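Colleague: Have a look at this one.
The values are calculated or read from the model by the stated rules, or taken from the named source; none is laboratory data. Note that the structure is a prediction, hence the values are computed from the model and not measured. Cβ sites come from the backbone with ideal geometry, for glycine too, and all protein chains shown count toward neighbours. Accessible surface is based on the protein model in full, side chains and every heavy atom, while ligands, DNA and RNA are left aside. Shrake-Rupley method; radii C 1.70, N 1.55, O 1.52, S 1.80 Å.
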Amino acid sequence: QKEVEQNSGPLSVPEGAIASLNCTYSDRGSQSFFWYRQYSGKSPELIMFIYSNGDKEDGRFTAQLNKASQYVSLLIRDSQPSDSATYLCATIKAAGNKLTFGGGTRVLVKP
Amino acid sequence: NAGVTQTPKFQVLKTGQSMTLQCAQDMNHNSMYWYRQDPGMGLRLIYYSASEGTTDKGEVPNGYNVSRLNKREFSLRLESAAPSQTSVYFCASSEFPSVAYEQFFGPGTRLTVL
């Protein structure tokens, strides 16, 4: 079992809809959680990070963390074709200095 | 500021050849990382350097060596390339310790080993 699991997709959503991405992790020592966006042929860029249970909102993006159930999710509201990309979930352990990435979820937003 | 730069952008090697991938950052970050990315595998850590003068193995270190030349530069060497090392290689840096632990990535090197 991989430490960080994501559905590879593709997740197809119509423009204007909500895209919901999920990520589960196996190590209960994981402290902080990150969502990176990666456009095809480009390098990853950080969208959000979260370390407390609950929701964290930033513009059209909301990250949700549930440490008891060991999952973190990302909601993209009002999805736009420019949101079409692969979204990578990553975790870091307490006192750690390296990220562990999931395999990524490919999102396709159709006009 | 250029951020994180990598050279070369593309490379084709024959099995058994050696090469060094170069990475430099101008953000005065302490930590630097080398990843490889294969389809459906996400990013897998090869080696990292938490601070100048230290290096540690990541998830997939076999077949690679690294050198933290100074605070700015972190190179990855393939001594005897194998087809299994065909991949996209990303270098990253971060300010550690940091609450956000945000890693900034370079543009990547696409390596093909024939």
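Colleague: What are the residues in region B:67-101 that are β-branched (Val, Ile, Thr) and either farther than 26 Å from residue A:45 by Cβ or at pLDDT below 95 (or both), if any?
Modeller: B:99
Colleague: Taking the condition of being surrounded by 15 or more Cβ atoms within 10 Å (Cβ to Cβ) and more than 12 Å from chain A (Cβ to nearest Cβ), how many residues in region B:74-92 meet it?
Modeller: Summing the residues that are surrounded by 15 or more Cβ atoms within 10 Å (Cβ to Cβ) and more than 12 Å from chain A (Cβ to nearest Cβ) in region B:74-92 gives 8.
Colleague: Checking the structure you have, find out if any residue of region A:89-97 is assigned to a loop (DSSP other than H, G, I, E, B) and either basic (Lys, Arg) or exposed (fewer than 14 other Cβ atoms within 10 Å of the Cβ) (or both).
Modeller: yes
Colleague: Something else about it: Scan region A:11-28 for residues that are open to solvent by 80 Å² or more (accessible area, probe 1.4 Å) and part of a loop (DSSP other than H, G, I, E, B) and jot them down.
Modeller: A:15, A:18, A:28
Colleague: I'd like to check something: does region A:35-45 contain any residue that is surrounded by 19 or more Cβ atoms within 10 Å (Cβ to Cβ) and part of a loop (DSSP other than H, G, I, E, B)?
Modeller: Checked against the condition, which is being surrounded by 19 or more Cβ atoms within 10 Å (Cβ to Cβ) and part of a loop (DSSP other than H, G, I, E, B), region A:35-45 yields at least one hit.
Colleague: Further question on the same structure: Restricting attention to region A:37-49, which residues are free of Cβ contacts under 8 Å to residues at least 60 places away in the same chain, in contact with a Pro (Cβ under 8 Å, 6 or more places away or on another chain) and more than 8 Å from chain B (Cβ to nearest Cβ)?
Modeller: A:37
Colleague: Looking at region B:57-114, what strands (runs of 3 or more DSSP E) fall wholly within it and have at least 1 residues that are touching a helix residue (DSSP H, G or I) at 6+ places or on another chain (Cβ under 7 Å)?
Modeller: Where strands (runs of 3 or more DSSP E) fall fully within region B:57-114 and carry at least 1 residues being touching a helix residue (DSSP H, G or I) at 6+ places or on another chain (Cβ under 7 Å), they are B:74-78, B:109-113.
Colleague: Among the listed residues A:80, A:31, which satisfies the condition of being away from chain B (no Cβ under 14 Å) and open to solvent by 30 Å² or more (accessible area, probe 1.4 Å)?
Modeller: A:80
Colleague: Taking region A:58-69 as the search range and keeping residues that are more than 14 Å from every other protein chain (Cβ to nearest Cβ) and over 13 Å from the mean Cα position of the chain (by Cα), which one is farthest from residue A:23 (Cα to Cα)?
Modeller: Result: A:59.
Colleague: Filter region A:98-111 for residues that are farther than 18 Å from residue B:47 by Cα, open to solvent by 50 Å² or more (accessible area, probe 1.4 Å) and facing chain B (nearest Cβ under 10 Å) and give the result.
Modeller: Within region A:98-111, just A:106 meets the criteria.
Colleague: Here is a follow-up. Name the single residue that is least open to solvent (accessible area, probe 1.4 Å) among those in region B:27-56 being outside any strand (DSSP E or B) and free of Cβ contacts under 8 Å to residues at least 40 places away in the same chain.
Modeller: B:42
Colleague: Does residue B:37 fit the bill of being within 12 Å of residue B:90 (Cβ to Cβ) and modelled with pLDDT of 95 or more?
Modeller: yes
Colleague: So, one more: Name, by its number, the condition in (1) within 14 Å of another protein chain (Cβ to nearest Cβ); (2) within 10 Å of the chain's Cα centre (by Cα) that does not hold for residue B:42.
Modeller: (2)
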